[in-house]
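Taken together, the values in this text are just the output of simple stated rules run on the coordinates, not laboratory data. Because the structure is predicted, anything quoted here is derived from the model rather than measured. Don't worry about glycine lacking a Cβ; one is built from the backbone with ideal geometry, like all the others, and counts go over all protein chains shown.
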Amino acid sequence: MALITCDFFSETLNLSTSMTVILPQETTSQMGLKNTSTGGKHQTLYLLHGFSDDHTIWTRRTSIERYVAPLGLAVVIPQVHHSFYTDMEYGGRYWTFLTEELPAVARSFFPLSEKREDNFVAGLSMGGYGALKWALRYPDHVAAAASLSGVTDIASHVNQASTETKNPVEQAFKLIFGDKNLEGTDDDLLHLLEKTDETTPSLYQCCGTEDFLYEDNKTFKDMAEQMNVNITTEFSPGEHEWGYWDKKIQDVLQWLPR
């Protein structure tokens, strides 16, 4: 595998930013790693970080490079700061960056497939929210989306944060969403579920039963099933931490409809 830190300028954000990219490499003599590459343009997983993290975190906290090596799967991990993968009320247009500019720029630099069936998105916590929102709002972009301990009820999450004093998350939410009521908007995953149809990508959802987001994830699961969405759900013991996500990203990679 090739591990690349790519610094580039974003026209959408009007600033220089970064992404971490893992590219397949066919090798025959490398010890301890089975590398596979199908040649041509690669299937791609856009892997999204959480609120307190950045584009380096998945490679620092998990063995994602080793996990994708035998799959011949490229991985793109963008930097989005505290944006919640949203066009911010007071800040950058990170939703537009994620869903429009990032794939175009990454494909201009690297041999990545443009085909829907070759593109997937996954993320943890804030990134789980971003992954599900991408799949539900633009079902023609990706074939599958996975949320690991995702923020699945953003309206309740924002409302809860607003009741806590001196909460840095609350301060970020003010910049991201302003004073808007998110319920019933296109930033509300539960609202987006109501608009799903046969074009909706396959979804995967996992959350630890000791995670503070567990109840919200159960709510998302119940609504997805009511709307007949093709969703795979795994709730098992676990907290909001990297040991859990390191295990579950391996399950996600096996689940992807490749």
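Figures for the structure shown
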read-out: Ranked PHE51, PHE212, PHE9, criterion: other C-beta atoms within 10 Å, fewest first; value: PHE9, PHE212, PHE51
read-out: Karplus 3J(HN,Hα) series, Hz, for the stretch 48-61 with 6.51 cos²θ - 1.76 cosθ + 1.60 (x for Gly, Pro); value: 9, 8, x, 4, 9, 10, 8, 5, 8, 5, 5, 7, 8, 9
read-out: Phi to ³J(HN,Hα) by Karplus 6.51 cos²θ - 1.76 cosθ + 1.60 over the stretch 88-98, Hz, x for Gly, Pro; value: 5, 5, 10, x, x, 8, 6, 5, 5, 4, 5
read-out: Residue pairs, from the table LYS115/LYS248; LYS115/LYS218; LYS115/LYS247; LYS174/LYS248; LYS133/LYS221, whose Cα atoms sit over 21 Å apart; value: LYS115/LYS248; LYS115/LYS218; LYS115/LYS247; LYS174/LYS248
read-out: Candidates ASN217, ASN228, ASN167: whichever shows maximal mean-square fluctuation once the chain is modelled as a Gaussian network with Cα springs under 10 Å; value: ASN167
read-out: Placed amide H near ALA2: partners under 5 Å, 5+ positions off or other chain; value: LEU23, GLN25
read-out: Ellipsoid equivalent to the stretch 2-255 - semi-axes via the Cα gyration tensor, in Å; value: 28, 21, 18
read-out: Long-range HN-HN contacts of THR232 with modeled amide H, under 5 Å; value: LEU203, TYR204, GLN205
read-out: Amide hydrogen neighbours beyond the local backbone of HIS42, cut-off 5 Å, H modeled; value: LEU112, SER113
